Ligand SMILES: [Zn+2]
């Protein structure tokens, strides 16, 4: 179960399952509580959206403060819709990757989304976190099993004791796709309505997590659809090139 929490002016979401463990702080942002004007109103955390760098810097300071951190502690992936995961030891921008793993304390792993699925994995035994930017291309490219392999091989994580939180994203109510994309996924994940095709990317992600060895009861799922809920979320599909960005951020204490 996810819960919404108001902190100062910001509205954020947290996974109750992940929060039940000590040792990490995490937050999924909404668009509520920042300084950006329309159409980025108001907590836009993404550069290259047309919003001013100054506003984004202020918003990132507001959001990282939720984790008792600062923007200088952020480690971000470049996000190229690939299947590469980076091992993070320092803050900064990690090129050509859509997932980040760390066991270092006080580094804020962060990914930006505006429809794609933000996924958080936590190994509470060893205090290791991974976050993944799950667009359909990355999921199709098995980024989830890549992350699971890396956790196992590099950090000796037992995947059966990993806990996951799947944040707000565009859901099958709104995620219309063309036949060429539909053809890349098993039929069970494609929904037909009025002659149109929709992808249930959440079910694909869940099936891949289960296949990697994550128990179903270890998966927490936000019910929010970014496209449907304009008051709460940015949506690239809905708002276009000048859409703002939300952020998933997590840090080991
Ligand atoms: Zn929807």
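Filtered by the rule that a residue be part of a loop (DSSP other than H, G, I, E, B), closer than 24 Å to residue 192 by Cα and within 16 Å of the ligand (Cβ to nearest atom), the stretch 128-175 gives 168, 170, 171, 172, 173, 174, 175.
Taking residue 79, is it out of contact with any helix residue (DSSP H, G or I) (no Cβ under 7 Å at 6 or more places or on another chain) and more than 16 Å from the ligand (Cβ to nearest atom)? In short, yes. Got at least one residue in the stretch 180-199 being touching a residue at least 24 places away in the same chain (Cβ under 8 Å) and within 16 Å of the ligand (Cβ to nearest atom)? Yes, the stretch 180-199 contains a residue that is touching a residue at least 24 places away in the same chain (Cβ under 8 Å) and within 16 Å of the ligand (Cβ to nearest atom). Among all residues of the stretch 216-225, there is none that is out of contact with any helix residue (DSSP H, G or I) (no Cβ under 9 Å at 6 or more places or on another chain), part of a helix (DSSP H, G or I) and within 15 Å of the ligand (Cβ to nearest atom).
The C-beta contact set for the stretch 94-118 (first residue without any contact (Cβ under 8 Å) to a residue 24 or more places away in the chain, second residue outside any loop (DSSP other than H, G, I, E, B) and surrounded by fewer than 23 Cβ atoms within 10 Å (Cβ to Cβ), distance under 6 angstrom, 6+ apart or interchain) comprises 94/86; 97/86.
Selection of the stretch 115-127 for residues being surrounded by fewer than 24 Cβ atoms within 10 Å (Cβ to Cβ) and either out of contact with any helix residue (DSSP H, G or I) (no Cβ under 8 Å at 6 or more places or on another chain) or assigned to a loop (DSSP other than H, G, I, E, B) (or both) yields 124, 125, 126, 127. Output the number of residues of the stretch 86-107 satisfying the condition of being in a loop (DSSP other than H, G, I, E, B) and touching a strand residue (DSSP E or B) at 6+ places or on another chain (Cβ under 6 Å). Of the residues in that region, 6 qualify.
The set of residues from the stretch 128-149 being surrounded by fewer than 18 Cβ atoms within 10 Å (Cβ to Cβ) and out of contact with any helix residue (DSSP H, G or I) (no Cβ under 7 Å at 6 or more places or on another chain) comprises 137, 140, 141, 142, 149.
Note on the stretch 16-39: among residues that are part of a loop (DSSP other than H, G, I, E, B), out of contact with any helix residue (DSSP H, G or I) (no Cβ under 6 Å at 6 or more places or on another chain) and at pLDDT 95 or above, the one that is surrounded by the most Cβ atoms within 10 Å (Cβ to Cβ) is 31. Quick check on the stretch 234-241. Is at least one of its residues farther than 27 Å from residue 122 by Cα and under 18 Å from the mean Cα position of the chain (by Cα)? Among the residues of the stretch 234-241, at least one is farther than 27 Å from residue 122 by Cα and under 18 Å from the mean Cα position of the chain (by Cα), which makes the answer yes.
Considered as a group, the residues in the stretch 234-245 that are in a loop (DSSP other than H, G, I, E, B) and more than 10 Å from the ligand (Cβ to nearest atom) include one that is nearest to residue 40 (Cα to Cα), and that residue is 244.
For the structure I just gave you, tell me whether residue 85 is in contact (Cβ under 8 Å) with a residue 12 or more places away in the chain and touching a helix residue (DSSP H, G or I) at 6+ places or on another chain (Cβ under 6 Å). When the stated conditions are applied, residue 85 passes them.
Taken over the stretch 70-85, the residue count meeting the criterion of being under 15 Å from the mean Cα position of the chain (by Cα) and outside any loop (DSSP other than H, G, I, E, B) is 5. The residue pairs whose first member lies in the stretch 48-68 and is surrounded by fewer than 21 Cβ atoms within 10 Å (Cβ to Cβ), whose second member is in a helix (DSSP H, G or I), and whose beta carbons are closer than 8 Å, counting only pairs six or more residues apart or on different chains, are 50/241; 50/242; 57/71; 61/71.
The values are calculated or read from the model by the stated rules, or taken from the named source; none is laboratory data. Computed from a prediction, not measured in an experiment: that's the story for all the values here. A quick note on method: Cβ atoms are made from the backbone with ideal geometry, for glycine too, and the neighbour counts reach across all protein chains shown.
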